[in-house]
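All remarks here apply to the structure that follows.
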Amino acid sequence: MAKQEDADQHFGYAVDIARDALKSLLWINAGAAGALIALTGKESGANNYTHAIILFGIGAVLTVASYVFGYFSQLEYGNYRLTGEETKQKNHCKLQAVAITFMLIGLICAIAGMAVAYRATN
């Protein structure tokens, strides 16, 4: 196998892994928000999960935004490979940085949401 074909194959693997990680993060954030909404009681003295739900909701929205920016990043990368335009490469790098940033903030929201939900039960 040629070096370029091998590199392309490994790049494809990296994209698949990143996509699966984003799916997992979306499931965690959206699922946790839904579960906490179901657990929130109306009676007095019930645990208040409002802040945790908000954190998980923000994490879910940021994960979806990461998907969108990741898509446009890959689109720019594909256009760069076809045309060789340097501006496409620069756009790819900028969009990729935004996608990674949103994903990391979404992960932080998931962790913070778990901590806040835990504290609400104690």
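The values are calculated or read from the model by the stated rules, or taken from the named source; none is laboratory data. In this text the structure is predicted, and so the values were computed from the model without any measurement. Backbone-built Cβ (ideal geometry, glycine too); neighbour counts: all protein chains shown.
Can you tell me which residue among GLY78, GLY59, GLY41 is among the small types (Gly, Ala, Ser), within 23 Å of the chain's Cα centre (by Cα) and surrounded by fewer than 17 Cβ atoms within 10 Å (Cβ to Cβ)?
GLY78
Can you spot a residue in region 64-72 that is in contact with a Ser or Thr (Cβ under 6 Å, 6 or more places away or on another chain), surrounded by fewer than 20 Cβ atoms within 10 Å (Cβ to Cβ) and of a type outside the set (Ser, Thr, Tyr)?
No - not one qualifying residue is present in region 64-72.
Pick from region 16-30 the residues that are under 30 Å from ARG81 (Cβ atoms) and among the small types (Gly, Ala, Ser): which of them is modelled with the highest pLDDT?
SER24
Taking region 44-100 on its own, how many of its residues are more than 23 Å from VAL116 (Cα to Cα) and not polar (S, T, N, Q)?
27
Could you tell me whether region 102-111 includes any residue that is part of a helix (DSSP H, G or I), out of contact with any Asp or Glu (no Cβ under 6 Å at 6 or more places or on another chain), within 15 Å of ALA18 (Cβ to Cβ) and free of Cβ contacts under 8 Å to residues at least 12 places away in the same chain?
Yes: region 102-111 contains one or more residues that are part of a helix (DSSP H, G or I), out of contact with any Asp or Glu (no Cβ under 6 Å at 6 or more places or on another chain), within 15 Å of ALA18 (Cβ to Cβ) and free of Cβ contacts under 8 Å to residues at least 12 places away in the same chain.
Residue-wise test of (1) assigned to a loop (DSSP other than H, G, I, E, B); (2) at pLDDT 90 or above.
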residue: PHE11; (1), (2): no, no
residue: ALA14; (1), (2): no, no
residue: ALA32; (1), (2): no, no
residue: GLY41; (1), (2): yes, no
residue: ASN48; (1), (2): yes, no
residue: ALA52; (1), (2): no, yes
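What pairs can you find where one residue is in region 2-23 and under 15 Å from GLY78 (Cβ atoms) and among the hydrophobic types (A, V, I, L, M, F, W, C), the other is at pLDDT 75 or above and assigned to a helix (DSSP H, G or I), and their Cβ atoms are less than 8 Å apart, with a gap of 6+ or different chains?
VAL15/GLN74
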